[in-house]
1. Restricting to the stretch 349-367, name every residue that is touching a residue at least 40 places away in the same chain (Cβ under 8 Å), hydrophobic (A, V, I, L, M, F, W, C) and out of contact with any helix residue (DSSP H, G or I) (no Cβ under 9 Å at 6 or more places or on another chain).
2. Would you list the strands (runs of 3 or more DSSP E) that sit entirely within the stretch 446-550 and hold 3 or more residues that are more than 26 Å from the chain's Cα centre (by Cα), closer than 23 Å to Pro393 by Cβ and not polar (S, T, N, Q)?
3. Only residues in the stretch 38-65 that are more than 15 Å from the ligand (Cβ to nearest atom) count as the first member; pair them with residues that are among the β-branched types (Val, Ile, Thr) and part of a strand (DSSP E or B), Cβ under 8 angstrom, at least 6 apart or cross-chain, and list the lot.
4. Got a number for residues in the stretch 236-271 being assigned to a strand (DSSP E or B), under 25 Å from Ile468 (Cα atoms) and not aromatic (Phe, Trp, Tyr)?
5. Are any residues in the stretch 121-169 more than 16 Å from the ligand (Cβ to nearest atom) and in a strand (DSSP E or B), and if so, which ones?
6. State all residues of the stretch 349-368 that are among the small types (Gly, Ala, Ser) and assigned to a strand (DSSP E or B); if no residue qualifies, say none.
7. Name the single residue, out of those in the stretch 228-256 being at pLDDT below 95 and away from the ligand (no atom under 16 Å from the Cβ), that is farthest from Pro357 (Cα to Cα).
Amino acid sequence: MSIPLQRRSMAALAVLAGLTLGAAAQNPAPSADETSAEHDARMQWWREAKFGMFIHWGVYAVPAGEWAERKNHGEWIRETAKIPMDVYAGFLDEFNPVQYNPEQWVLAAKGAGMKYIVITSKHHDGFCLWPSKLTDYDIESTPYKRDLLGPLKEACDKHGMKLGFYYSIMDWHHPNYPPRGWEKDRPREQIDMEKYVVYMKGQLKELIESYDPVVLWFDGEWDAWTKQQGADLYAYVRSLKPDIIVNNRVGKRTRELGDFGTPEQSIPSRGMPGWDWETCMTMNNHWGWNKADKGWKSADSLVERLVDIVSKGGNFLLNVGPKPDGTFPDEALERLADIGTWTSRNGEAIYGTTANPVGPVSWGRVTAKKGAEESRLYLHVMKRPADGALLLPGLRNTVKGARLLHGGHKLEARSGDMGLTVTLPEDVVQPPVTVAELSIEGAPKVVKPAIQPDDDGVLTAPAALAEIRAPDRVSPPQISGEGDNAYVSHWHAPSASVTWPIEVKQPGVYEVAVVVSAEQEGAYMDVGVDYTSVQTQTSVPDTGDYNTYTTVHVGPLNLSYPGRLTLSVTPRAEGWTPVNIRRVILTPTFGAMDGGDS
Ligand code: FHN
């Protein structure tokens, strides 16, 4: 499988350099621009796969997180323990994974219901798991000597598992890459990012030609790296393999460059609408092997995270940090097996689904398989309501049937004012997440229930019920938190707006107030409905921090006739600075206005 090796011939390096430099200059990547249909075709398998295994493995596994008196190091141990290069090289001499059996890894991933694997071909320390022609800082310089990626590729192909590579742009070993600030013993004269890029391209060419990876997962882009270099590298790897999928850390972790977003150790509360994204997460508190780390997440909570992520339109890349002997920690194997019990029963509600079409529900999460004639909604019950009533707010379709996905037990489903409700009897609950399958006629039709005035006629539009509107490829505001504590945040784009369906029962003038926070003043916004709006007279004040909210009185809004309307908050582009919103309140003034009873 791997490349026949003439070790590290400068001649080879020069030829490659000449070749690549030439190529880069000409930007030979005609495939950079693709139609959206071609883009969708390229992303399809990834979008359907949903669940993958991340593997952080390298010589940093040898110290197992321990150095001097500290036990909490991980794959960053060279940096966090400030280990000089020559001392760190000692780990290469000890790295000998004789128990490495990649087929066992692949079967463990497959057993968990994972569809692809992404392994660290080279992490920040610069050590390469394959015999690279371009450096001797690789597996061949260890007692093990043999390629680690080739056998993994073979095992993946054998079991229908897709394989991708993590590749760190940041490199704490390569002479042309800037040394760490604390490294006084490494010369800085050789810093030359152009040469380093040639090196990277050479290695990526080796990896692509030798192992045909389906994903390139770049990282370490926050250091000495530019958007332009990212765009060039993206075009380069797509020119080598047009259908390869590349994450957004090829650039500067934005929406502008790369095929998918990469939230880390977190799940965006409303997903990333209009964009492909993948949450990567550790199973305990470290990416790399740390023998002292017992902070393992439970299998149940990992299943819930998988469901949460997929219901928001994302993929889940769950990490394992193998030991230096080449085996997976028992705790990881146990969790993979337990997760597999759930995915083997409920996989239909995960693979090939799309995000929840009805909006947040209090009892769990929803995934969907939409069709023109018939659609399937998968109700992932995490907290069964006391009466077992699983309301899908605003869903207006005709029910075709409902059943437990695993076991097929028939369930009752009925339409009502607020939407469609499926009833889950107590005795059929299947922890950690019970899945009910609801079949409906046609594509999901959702008419969000409008916000109703309270007894005093006050209309309160909370962030939890808000809808975010943002042009494509713009980083949209996010809704974080649940219930009354929810808030709209990360509102960098003035082209985005926030809306709510409201029901005006009594026409008249309403006093508008918004509950906001900001860390800079200067923002103005319009609050309005379909036919009229009012603008903040003064800029939103700096409240000191985003957790400190204040009520800004915007002014009167004349809602002249009853009915269902869309309330919206829209930034004024000029001078916009990010503002968090907790809620918008419309208080009737007409008691006073019509002088009636007040
Ligand atoms: O520094 C790395 C870290 O070691 C790990 O690889 C994670 C995985 O996404 N990424 C970086 C931190 O953002």
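1. Val358
2. Because the criterion is at least 3 residues that are more than 26 Å from the chain's Cα centre (by Cα), closer than 23 Å to Pro393 by Cβ and not polar (S, T, N, Q), the strands (runs of 3 or more DSSP E) in the stretch 446-550 that meet it are 497-504.
3. Correct list of pairs: Arg42/Ile245; Met43/Ile245; Trp46/Val215; Trp46/Ile245.
4. 5
5. Listed by number, the residues that qualify are Asp138, Lys162, Leu163.
6. The answer is Gly364, Ala368.
7. In this case the residue turns out to be Glu256.
One line per residue, one yes/no per condition, for (1) farther than 21 Å from Trp76 by Cα; (2) in contact with a Pro (Cβ under 6 Å, 6 or more places away or on another chain):
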{"residue": "His174", "(1), (2)": "no, no"}
{"residue": "Glu183", "(1), (2)": "no, no"}
{"residue": "Tyr199", "(1), (2)": "yes, no"}
{"residue": "Ser210", "(1), (2)": "yes, no"}
{"residue": "Ala224", "(1), (2)": "no, yes"}
{"residue": "Gly230", "(1), (2)": "yes, no"}
{"residue": "Tyr236", "(1), (2)": "yes, no"}
{"residue": "Leu240", "(1), (2)": "yes, no"}
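The values are calculated or read from the model by the stated rules, or taken from the named source; none is laboratory data. Values in this document were obtained by computation on a predicted structure and should not be read as measured data. Please note: Cβ atoms are built from the backbone with ideal geometry, for glycine as well, and neighbour counts cover all protein chains shown.
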